[in-house]
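S.K.: Just dropping this structure here.
The values are calculated or read from the model by the stated rules, or taken from the named source; none is laboratory data. Quick caveat: nothing in here was measured; it's all calculated off a predicted structure. So basically every Cβ, Gly included, is an ideal-geometry build from the backbone, and we count neighbours across all protein chains shown.
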Amino acid sequence: MSMVIISTPRLLLRGALPEDFDVLFATVFSDARVAEHLSGAAMSRDQARQFFDQEFDHLGTGRKIGVLVEKGSSALVGYAGLKPFKALGREDYEVGFVLNARSWGRGYATEIGRAQLEYGFATTELPRLVAQVRPENLGSAKALAKIGMNYLQTYDRPNLGIWDIYVCPRPVSS
């Protein structure tokens, strides 16, 4: 079992294991419905393997993409995680979540998004956390608003098109 990074009532975010690749490929990377909200096209097995090997948190550091697992069933439902974000010209961390299509509409994005904000502010000294979403991805934008993130600006991601950036300032402690 890989190190648990975040635990919520229904979900675990943990480091990635080699055996997670095939499940992610079948339910997320190769699914055109999911890809429509990301790169715009489903990934080939080679593209997915490269992405998984380079971007996922295989060491359980909490600073790359982790695997999202449903507690009740132990089913892998997608990925999420805090990762460095430099598109705004300063040191930021991005929160993010990508769910398989079967897990849409269950409140998982809001649940893991809120937990990532708590984790991010507890483990960094940054004044804010950011998220990015395609403008047409209304479900994710709604989840970001629900967890207290606000639209900041739109930008053109190299090779990925137009995205909206949302931001959440560090809560003022009392």
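S.K.: In segment 92-131, which residue that is surrounded by fewer than 18 Cβ atoms within 10 Å (Cβ to Cβ) and among the aliphatic types (A, V, I, L, M) is nearest to Asp57 (Cα to Cα)?
M.R.: Ala122
S.K.: Considering only residues that are at pLDDT below 95 and surrounded by fewer than 12 Cβ atoms within 10 Å (Cβ to Cβ), which ones fall in segment 137-152?
M.R.: Leu138
S.K.: Could I ask something else about it? Sort out which residues of segment 109-135 are in a loop (DSSP other than H, G, I, E, B) and either touching a helix residue (DSSP H, G or I) at 6+ places or on another chain (Cβ under 9 Å) or touching a residue at least 24 places away in the same chain (Cβ under 8 Å) (or both), and write them in order of number. Don't jump to the end; show me each part of the working.
M.R.: Here is the first cut: in segment 109-135, the residues in a loop (DSSP other than H, G, I, E, B) are 124-127, 134-135.
Passing the criteria: Thr124, Leu126, Pro127, Arg134, Pro135.
S.K.: Would you check which residues across segment 1-51 are of a type outside the set (A, V, I, L, M), more than 16 Å from the chain's Cα centre (by Cα) and under 18 Å from Val133 (Cβ atoms) and list them?
M.R.: Within segment 1-51, Asp31, Arg33, Gly40 meet the criteria.
S.K.: I've got another one for you. Working only within segment 150-164, note down all residues that are aliphatic (A, V, I, L, M) and under 16 Å from Ser39 (Cα atoms).
M.R.: Just the residues of segment 150-164 that are aliphatic (A, V, I, L, M), to begin with: 152, 160, 162.
Of everything in segment 150-164, those that are aliphatic (A, V, I, L, M) and under 16 Å from Ser39 (Cα atoms) turn out to be Leu160, Ile162.
S.K.: Scan segment 136-155 residue by residue and report those that are under 18 Å from Val172 (Cβ atoms) and part of a strand (DSSP E or B). Step through it out loud before you land on a result.
M.R.: Taking segment 136-155 and keeping what is under 18 Å from Val172 (Cβ atoms), we get 147-150.
The one that is under 18 Å from Val172 (Cβ atoms) and part of a strand (DSSP E or B): Asn150.
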